[in-house]
Amino acid sequence: MFFRIALIASAATPILHTVVLMLSGQDAVRDPISELSRQEWGGLQTIGLTLFGIGHVALAAGLHGLDRGRLWPYGRSFLAASGAVLFFIAYFFSTAEASTLRGPGANDPLWVVASLMGLAMGALQPGLSRVSPRLGLFSATCLGIWLWLVPLILLVNDSWLGAYERIVGTVYVVWMIGVSAELLHRTAEEKP
């Protein structure tokens, strides 16, 4: 049940984001993600971020029954913490003043969730490899891309901020969907 919730909530997030992006007329390359929450349809963006947070908590709960090593509980904790930060981000982006969202610290909460998620991916990686070599390879690929994207921010100027955030977000969502789907599939196979 937890993996199904994580999968559905994580899949809904990019769908809602794309709908709001199209309806608002924002520029996906230039405009940061935070701008979408302040548009006419921004409530859908807030719902998407909240669902993504729920997906994190659900995945962390589902991983409880699959203990795979000493780093596993830390990975679950970082994953749940990422979900909690996403709840804050949904609130912050929808309630902050427009000047705050255009200021230098507007996307600081995204750095927090990205850091926690990187730690979660890294701590869960050995255990996911033990669950399934295919899942381990998938997760390692996402983690590798994630780590490669970190220093790339130093080269991104404001006119490309939206594109950078959406590339990072795509890797993030793909990891969540891929891990949730594979674990859902594996638990379904194990049932008599």
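The values are calculated or read from the model by the stated rules, or taken from the named source; none is laboratory data. Please read all numbers here as calculations on a predicted model, not as lab measurements. A quick note on method: Cβ atoms are made from the backbone with ideal geometry, for glycine too, and the neighbour counts reach across all protein chains shown. Heads up: the accessible areas ignore ligands, DNA and RNA and are worked out on the full protein's heavy atoms, side chains in. Shrake-Rupley method; radii C 1.70, N 1.55, O 1.52, S 1.80 Å.
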#### Entry: Sole exception among (1) open to solvent by 10 Å² or more (accessible area, probe 1.4 Å); (2) within 23 Å of ALA123 (Cβ to Cβ) for ARG30, by number
(2)
### Query
Within segment 1-17, is even one residue exposed (fewer than 14 other Cβ atoms within 10 Å of the Cβ), under 30 Å from ALA80 (Cβ atoms) and modelled with pLDDT of 90 or more?
yes
### Task
Of all residues in segment 31-79, count the ones that are acidic (Asp, Glu) and closer than 16 Å to PHE2 by Cα.
1
### Task
Being open to solvent by less than 40 Å² (accessible area, probe 1.4 Å) and outside any helix (DSSP H, G or I) is the filter; apply it to segment 90-141 and report the residue that is nearest to GLU182 (Cα to Cα).
SER132
### Task
For residues that are polar (S, T, N, Q), under 14 Å from the mean Cα position of the chain (by Cα) and open to solvent by 60 Å² or more (accessible area, probe 1.4 Å), tally how many sit in segment 60-86.
0
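Yes/no matrix, rows are residues, columns are (1) in contact with a strand residue (DSSP E or B) (Cβ under 9 Å, 6 or more places away or on another chain); (2) among the acidic types (Asp, Glu); (3) closer than 21 Å to LEU143 by Cα:
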site: LEU7; (1), (2), (3): no, no, yes
site: ASP31; (1), (2), (3): no, yes, no
site: GLU35; (1), (2), (3): no, yes, no
site: ARG38; (1), (2), (3): no, no, no
site: GLY48; (1), (2), (3): no, no, no
site: LEU59; (1), (2), (3): no, no, yes
site: ARG68; (1), (2), (3): no, no, yes
site: TRP72; (1), (2), (3): no, no, yes
site: LEU79; (1), (2), (3): no, no, yes
### Residues satisfying the stated conditions in segment 14-44, i.e. part of a loop (DSSP other than H, G, I, E, B), more than 17 Å from the chain's Cα centre (by Cα) and within 17 Å of VAL173 (Cβ to Cβ)
ALA28
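Here is a yes/no grid of residues against (1) modelled with pLDDT under 85; (2) hydrophobic (A, V, I, L, M, F, W, C); (3) open to solvent by less than 40 Å² (accessible area, probe 1.4 Å):
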position: VAL19; (1), (2), (3): no, yes, no
position: MET22; (1), (2), (3): no, yes, no
position: GLU35; (1), (2), (3): yes, no, yes
position: ARG38; (1), (2), (3): yes, no, no
position: THR46; (1), (2), (3): no, no, yes
position: LEU49; (1), (2), (3): no, yes, yes
position: ILE54; (1), (2), (3): no, yes, no
position: ALA58; (1), (2), (3): no, yes, yes
